[in-house]
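The values are calculated or read from the model by the stated rules, or taken from the named source; none is laboratory data. What you see is a predicted model, and the numbers here were worked out from it, not measured in a lab. So basically every Cβ, Gly included, is an ideal-geometry build from the backbone, and we count neighbours across all protein chains shown. Calculation scope for accessible area: heavy atoms of the full protein, side chains included, ligands and nucleic acids excluded. Shrake-Rupley method; radii C 1.70, N 1.55, O 1.52, S 1.80 Å.
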Amino acid sequence: MLPLVSLETVALLGGAPVSAALLDEVFALSGPVVGVDGGAAHALDRGRLPEAVIGDLDSLDAVRMDDLPADRLHVITEQETTDFDKALRHVEAPLVLGAGFAGGRADHALAAYTVLLRHPDRRCLLAGEAEVVFLCPPELTLTPPPGSWLSLYPLGAVTGRSEGLEWPIDGLDFAPDRRVGTSNRVSGPVHLSFDAPLMLVIMPRAELAATAHALAAAPARWPARA
């Protein structure tokens, strides 16, 4: 029965292409696995039975559906939101670790980022083949190696403070149509804080595990949008 509540990180799998290596990395960092419509096939292909499959289920073929217990299938038929949105708003966990929500398509990636923006109270890290992306909580400390890249992309008007970046962000007004913070560089331990749930952080995939742990442990959480 929805919502799915977990005290562990939940792996959330979309239907876009995902390498076996990335799936295994996501599984190693997670407890329960949730399939988002056709993304359930990714779990089955790696020998994992999802705790739940959520969505309108128009992308999960009948053969794969027969491999899933009926009580784990949660059909949400409304078409106002994406299946990723449907799933994220029904999962409560310290962290949701998502994979399979872009697959190299810009429109899919933009739709996924909109879902992160819509649900800032759901702490979610999206893992791609080359990078990880998440909506930054009110405060966050990261420890990527000096010299690695870190990008900030605002989804609205937002300000913040930073430590450990070659180009500090203190006193800057960010907005997608004015100033963005892509291709910054790490100079030491990174501390970020923001005044609104509007800043995406983008980092190399090599930082997946460390970022997942840091994000799950971050003390402050944004409230749900009204």
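Taken together, the residues in segment 86-141 that are closer than 12 Å to Ala212 by Cβ and of a type in the set (Val, Ile, Thr) amount to 2.
Given the criteria assigned to a strand (DSSP E or B), more than 20 Å from Leu215 (Cα to Cα) and not aliphatic (A, V, I, L, M), does His74 qualify?
When the stated conditions are applied, His74 passes them.
Of the residues making up segment 6-41, those that are in a helix (DSSP H, G or I) and touching a strand residue (DSSP E or B) at 6+ places or on another chain (Cβ under 7 Å) are Leu22, Leu23, Val26, Phe27, Asp37, Gly39, Ala40.
From the list Arg161, Arg122, Arg185, the lone residue that is part of a loop (DSSP other than H, G, I, E, B) and either over 28 Å from His90 (Cα atoms) or among the basic types (Lys, Arg) (or both) is Arg122. Of all the residues in segment 7-65, those that are of a type in the set (Asp, Glu), modelled with pLDDT of 95 or more and open to solvent by less than 20 Å² (accessible area, probe 1.4 Å) number 0. (1) open to solvent by 30 Å² or more (accessible area, probe 1.4 Å); (2) among the hydrophobic types (A, V, I, L, M, F, W, C); (3) under 14 Å from Val18 (Cβ atoms): which one isn't true of Val75, the others all being true? Unmet for Val75, out of (1) open to solvent by 30 Å² or more (accessible area, probe 1.4 Å); (2) among the hydrophobic types (A, V, I, L, M, F, W, C); (3) under 14 Å from Val18 (Cβ atoms): (3). Of Ala196, Ala214, Ala226, all but one fail to be loosely packed, with under 14 Cβ neighbours inside 10 Å and either without any contact (Cβ under 8 Å) to a residue 12 or more places away in the chain or of a type outside the set (D, E, K, R) (or both); the exception is Ala226.
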